[in-house]
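Taken together, the values in this text are just the output of simple stated rules run on the coordinates, not laboratory data. In this text the structure is predicted, and so the values were computed from the model without any measurement. We place every Cβ from the backbone using ideal geometry, glycine too, and count neighbours over all the protein chains shown.
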Amino acid sequence: MNLGIIRAREANLPQPLNTPEIDKIATLARLRVSPGEAGEVAARISEILGLIDQMRAVDTDGVEPLAHPLDAVQRLRADEVSETDRREELLALAPASRDGLFLVPKVIE
Amino acid sequence: MEWETVIGLEVHVQLSTRSKLFSGTSTAFGAAPNSQANIYDLAMPGTLPVLNGEALRMAVRFGLAINAEISRKSVFDRKNYFYPDLPKGYQTSQLEFPTVGRGAIVIHLDDGSEKEIGVTRAHMEEDAGKSLHEEFATDSGIDLNRAGTPLLEIVSEPDLRSAGEAVAYLKKLHSIVRYLDISDGDMSQGSMRCDANVSIRRPGAELGTRTEIKNVNSFRFVEKAIHYEVRRQQDVLEDGGTIVQETRLYDSVRDETRPMRGKEVANDYRYFPEPDLLPVVIDEELIEQVRAGLPELPDARRQRFREEFGLSDYDAGVLTASREAADYFEQTASACGDAKLAANWVSVELQGLLNRENLSIAESPINAPSLAGLISRIKDGTISGKIAKTVFEHLAGGETDVDELIEREGLRQVTDTGEIEKLVARVIAENAPQAQQYRDGRQQVLGYLVGQAMKLSRGKANPAQVNQLLREKLQP
């Protein structure tokens, strides 16, 4: 979730998100939200933010941040090449490819 | 009024593991496009990452080498953005709990002084793929071979005060990762990439607004890009303008930096902890194991070369910049027993040869034992320093047996007094006017006469003996 928006909300609760904020989140997430849906989406996201605000209100001083709900640690893998070249098979799954490359509509930074 | 330059560098170092950071796909350089891109690298649904233990050990190795704090627990995060060369839609990186914390790197400046540069952190992350925009008219081609290659991003404090310091820091970092054997550090192939944060301020003032120059790919370009950017910022501020915080690209052809185009939405990566990976715990055992395997690092070796071999700090610095050169020198010096001659031959003659042939020291046509053999023959007087260069050329041409080639080519120095006397007598006879000038007190003519004798002997006469005999014979 967008930290900037969460922080902005801390200052003035409990305002629901406005349309420009919804637009920005949708653009960042590459989701299409039609003007008709914007109101409902805003209400639902605001509800989730409300939940987050509720959790933030809990005093967590001295509590170690939890990075993962599972009480386990990451297993490590040996540095070995276990995969083989499956290029033709994988390229065939893409909508377009040529000369061994995946093709996408032209993107220039 | 003066300006002070403030620079911080973010350096991406590609770790030289055999397989990717989170998958068992090969990372070999130069493979056919997408032949090293498998289901996890392509973000196929249901695939999960498994952390490469060797990449983690390499990160720890770097951390220990710069005396950094090693996080006992580090966490991977998702950095979310959309670009076709990043199929997952996020880069797995580390935000709040990087593997390597605060450390420091000492750089050596041109005036002989040292400066400590703070390292804020070094975090592990995966590389993206490559987009090819030029090949096709309406499409971009995507090669995902590089996607998922392990990187260590090393972030410095804004402690650097000039382009020269930035280059010294970068070279030191390059040297360290090569000594540690965790990366080939090849900037031309993208194994080491540098982003520079540059700002200027009046001395003592608050930090100015910075710009970030992205992806500079050589030491020289880092220097030039910073020079340009500093001048540009000075011009803007002195004309009463303000610096815009932005990302710029360095164009090496036009030698300028330009703002990057069209990032409609400002960087908002919405980081959150990667749920597909558990926290990474690094225990004492692993740390001690890695520590025990650390090689002697450039600074320690530089100091040892000064103390053990009596080299100047400059020579010691040149010879320890790369591990290969240091090994070569050390082998040569111990075999011939004369460190100063060895230092000279390695850093002048051999380095000159390698530069001319565009070879690395690992590819040197002359091996350390042969060079040591040559130096030994200078030391014991078998050949003169001048003739040694001829022997050196033979070695460069592929010969290896120094003694055999000295005999075969008749390069042995003439030290027989009788022969040198004959030589001197002949020179005096053939150069009577000059000999007379010397007798009349023109001391500098002696050099000419010695030169004639050396020429006559085709360089083989012992010049010290020639010199002395000439003086004696021409005594008034």
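What the table shows:
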item: Convex hull volume of chain B per residue (C-alpha atoms, cubic angstrom); result: 232 Å³
item: Per-residue [θ]222 nm for chain B (sum of -39500 (n - 2.57) over DSSP H runs n ≥ 4, rounded to 500); result: -12000 deg cm²/dmol
item: Residues B:Asp440, A:Asp59, B:Asp416, B:Asp184 arranged by fewest to most Cβ contacts within 10 Å; result: A:Asp59, B:Asp440, B:Asp416, B:Asp184
item: Relative contact order [Cα under 8 Å, 6+ residues apart], chain B, whole percent; result: 14 percent
item: Where labels lie 7 Å past Cα in the beta-carbon direction, separation of B:Arg356 and B:Asp327 in nm; result: 2.6 nm
item: Where labels lie 7 Å past Cα in the beta-carbon direction, separation of B:Ala425 and B:Leu48 in nm; result: 9.7 nm
item: Fewest-first ranking of B:Glu4, B:Glu114, A:Glu21, using other Cβ atoms within 10 Å as the exposure measure; result: B:Glu114, B:Glu4, A:Glu21
item: Rounded Å value of the spacing that divides the Cα centres of the stretch A:24-47 and the stretch B:310-356; result: 66 Å
item: Angstrom value of the Kirkwood radius, inverse mean 1/r, which spans all Cα pairs in the protein assembly as shown; result: 29.0 Å
item: Residue exposure sequence - B:Met58, B:Met1, A:Met55 - by fewest surrounding Cβ within 10 Å; result: B:Met1, A:Met55, B:Met58
